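Written out below as structure tokens is the structure these notes cover.
The values are calculated or read from the model by the stated rules, or taken from the named source; none is laboratory data. All values derive from a computational prediction rather than experimental measurement. Please note: Cβ atoms are built from the backbone with ideal geometry, for glycine as well, and neighbour counts cover all protein chains shown. What goes into the accessible areas is simple: the full protein's heavy atoms, side chains included, and nothing from ligands, DNA or RNA. Shrake-Rupley method; radii C 1.70, N 1.55, O 1.52, S 1.80 Å.
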Amino acid sequence: MKTLLTVLSLLILVCPAIAQVTEKSKYDQHEAFSPLPYMSPLNPLTRTPAGSPAKGYWQNRADYTIDAKLDTSNHTITGTVEIAYSNNSPDPLPYLWLQLDQEIFKDSSRAVLTSKIKGSYFADGKFEGGYRINAVTLRHKGRVYKADYLINDTRMQIRLMQPLESKEKIALKINYSFIIPGNRAIRMGRMGTSNGEIYQIAQWYPRMCVYDDVTGWNTLPYQVTGEFYLDYDDYDVSLDVPADMLVVASGELLNPQNVLTIPERSRLERARNSDTAISIRTINEVKIARKVKGSRVWHFSIKNSRDMVWAASRAFVWDAARINLPDGRKALAQSVFPVEAAGKVRWGRSTEFIKGVIEYNSAKWFPYPYPNAIHVAGKQNGMEYPGMVFSNTKLTSGAL
């Protein structure tokens, strides 16, 4: 009883004090959590208060010409990339920044140092990859000279002898090579099948970082995610690969007469006019194919694209069908996969699903912009690029 009286006495003393504090409070939860008013844009000439482009909006541009060779004996790509870079910004640029995504496979990269968990992409420690940069030259204001550059993690800074002024262009040429990762692959890589190795090739060339009106140079290091902030550019790509391999790539094949057989070219033309999948390279043709000496150069082009990727294998079965777009254009749905992944419950319906998904979403949202949509079976569990998606060979039609 005594304890109860004590508690009641305390409540009598405390409650008025609480009430007094509450009465004096000026806190307004509605004001605290009300929608923020529009903020002034960083640059009212290029952005509206909502963040959308204004009249003075600009984007820089980097158009790529790439010549690369695939060495299947050493799992190596050797290439030359020429970049025509246009400074459409109002700012003079005393230096340029490039992305070197393959540097992620060096044991000193931030991705490796922060991914020491067993079973992660970088934990096996059996592969030391990364770019070998053999030469970097610049052509600017009538002069050709060796670049002064610094590589830090997955980035390269090139210091210019003279700033790249507004509305000026500069040409970069980089000779490079790298070993294609196997066990430590992420976003790309290679895997073996009964009829040969499959190569899914992405993040495979030095490319420009974005310079924009919000933060200037965007130079975050590549750490697996967030790697796709890129300008919209044109790509002209030539790929020298063993003669018995089939190559698919973002964009359009420009020289089918040089790399495809007569039956394959005929079937490809049939596929362009067919709403059902046409076999272009059949299971039996893959099984009986013999290794051919020499190499072939495949020539591809894609325009106004963020990126360009490709895949190659002598193990690919290949089929395709027409995509009907709402603006009257036609595109081509394609699938390439090994014999082991064939069948209606595996990859046999892949092209059917690609066609259906793109036609549906093009009608509902926005017309598909590229000439091809290609689904590639290989090591990767799912990664999308302009005109191409990498998936795993173990995918089933239910997952698709």
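Of the residues making up the stretch 213-230, at least one is acidic (D, E) and closer than 17 Å to P386 by Cβ. All told, Y222 falls short of being open to solvent by less than 10 Å² (accessible area, probe 1.4 Å) and under 30 Å from L98 (Cα atoms). For the stretch 203-235, the tally of residues that are in contact with a Phe, Trp or Tyr (Cβ under 8 Å, 6 or more places away or on another chain) and on the phi > 0 side of the Ramachandran plot stands at 2. Here is a check on your reading of the model: is Y229 open to solvent by 50 Å² or more (accessible area, probe 1.4 Å), aromatic (F, W, Y) and part of a loop (DSSP other than H, G, I, E, B)? Yes, satisfied.
Entry remark, the stretch 284-315: residues being among the β-branched types (V, I, T) and either open to solvent by less than 10 Å² (accessible area, probe 1.4 Å) or at pLDDT 95 or above (or both) number 4 in total.
Residues checked against (1) at positive phi; (2) out of contact with any Leu (no Cβ under 8 Å at 6 or more places or on another chain):
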position: E128; (1), (2): no, yes
position: L138; (1), (2): no, no
position: K141; (1), (2): yes, yes
position: Y145; (1), (2): no, no
position: P163; (1), (2): no, no
position: K167; (1), (2): yes, yes
position: I179; (1), (2): no, yes
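Looking at (1) under 30 Å from G382 (Cβ atoms); (2) open to solvent by 60 Å² or more (accessible area, probe 1.4 Å), which one does A277 not meet, given that it meets all the others? So the condition that A277 fails would be (2).
For the stretch 359-381, what are the residues that are open to solvent by 20 Å² or more (accessible area, probe 1.4 Å), touching a residue at least 24 places away in the same chain (Cβ under 8 Å) and not aromatic (F, W, Y)? E359, A363, P367, P369, P371, K379 - these are the residues of the stretch 359-381 that are open to solvent by 20 Å² or more (accessible area, probe 1.4 Å), touching a residue at least 24 places away in the same chain (Cβ under 8 Å) and not aromatic (F, W, Y). Might you check whether a residue that is among the hydrophobic types (A, V, I, L, M, F, W, C), out of contact with any Lys or Arg (no Cβ under 8 Å at 6 or more places or on another chain), over 28 Å from T65 (Cβ atoms) and open to solvent by 70 Å² or more (accessible area, probe 1.4 Å) occurs anywhere in the stretch 316-327? No, the stretch 316-327 contains no residue that is among the hydrophobic types (A, V, I, L, M, F, W, C), out of contact with any Lys or Arg (no Cβ under 8 Å at 6 or more places or on another chain), over 28 Å from T65 (Cβ atoms) and open to solvent by 70 Å² or more (accessible area, probe 1.4 Å).
Could you tell me whether the stretch 238-248 includes any residue that is closer than 30 Å to N324 by Cβ, under 22 Å from the mean Cα position of the chain (by Cα), modelled with pLDDT of 95 or more and not hydrophobic (A, V, I, L, M, F, W, C)?
no
Which residue out of R290, R346, R296, R306 is more than 30 Å from D67 (Cβ to Cβ), basic (K, R) and in contact (Cβ under 8 Å) with a residue 40 or more places away in the chain? Sole residue among the options that is more than 30 Å from D67 (Cβ to Cβ), basic (K, R) and in contact (Cβ under 8 Å) with a residue 40 or more places away in the chain: R346. Consider V259 carefully, then state whether it is closer than 20 Å to T80 by Cα, surrounded by 15 or more Cβ atoms within 10 Å (Cβ to Cβ), modelled with pLDDT of 95 or more and in contact with a Leu (Cβ under 9 Å, 6 or more places away or on another chain). So V259 does not fit the description; no. Taken together, the residues in the stretch 167-201 that are open to solvent by less than 40 Å² (accessible area, probe 1.4 Å) and either modelled with pLDDT of 95 or more or among the charged types (D, E, K, R) (or both) amount to 12. In this entry, L260 is excluded by the filter for residues that are under 21 Å from the mean Cα position of the chain (by Cα), free of Cβ contacts under 8 Å to residues at least 24 places away in the same chain and more than 19 Å from V309 (Cα to Cα). Conditions: (1) out of contact with any Leu (no Cβ under 8 Å at 6 or more places or on another chain); (2) farther than 18 Å from M191 by Cβ; (3) part of a loop (DSSP other than H, G, I, E, B). Q380 meets all but one. Number of the miss? Exception for Q380: condition (2).
One residue alone among R296, R346, R267 is more than 24 Å from Y385 (Cα to Cα) and under 26 Å from the mean Cα position of the chain (by Cα), and that residue is R296. For the stretch 208-218, residues that are surrounded by fewer than 18 Cβ atoms within 10 Å (Cβ to Cβ) and part of a loop (DSSP other than H, G, I, E, B) total 3. Selection of strands (runs of 3 or more DSSP E) fully inside the stretch 138-197 by the criterion of at least 2 residues being of a type in the set (V, I, T) returns 169-179.
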